[in-house]
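All remarks here apply to the structure that follows.
The values are calculated or read from the model by the stated rules, or taken from the named source; none is laboratory data. Keep in mind that what you see is a predicted model, and the values were worked out from it rather than measured. Here the Cβ is made from the backbone with ideal geometry for all residues, glycine too, and neighbour counts use every protein chain on show.
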């Protein structure tokens, strides 16, 4: 973990505890387990809900989505060297 990333997490942790900690006085942790775990549950739930909302069995909609995806991949590959495409 970079020290910039740790500094921002340490500052956030200190602020949650009500401690004033200027950024220039933070120090690297001796053990990584001092940092709180990341909580991605809300983000994961939102992405799952979007997947449910966007789900369809309409063959025309699926064909349009596949065509859009193929065009998107081709556009990304257009600016790459032929021997190094993003999407082979």
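Annotations
- Within the stretch 58-70, the set of residues being exposed (fewer than 10 other Cβ atoms within 10 Å of the Cβ) and either assigned to a helix (DSSP H, G or I) or in contact with a helix residue (DSSP H, G or I) (Cβ under 8 Å, 6 or more places away or on another chain) (or both) comprises 59, 60.
- Complete set of residues in the stretch 20-57 that are under 18 Å from residue 8 (Cβ atoms), in a loop (DSSP other than H, G, I, E, B) and modelled with pLDDT under 65: 20, 21, 22, 26, 27, 28, 29
- Test: residue in the stretch 45-52 that is more than 24 Å from the chain's Cα centre (by Cα) and loosely packed, with under 10 Cβ neighbours inside 10 Å: no
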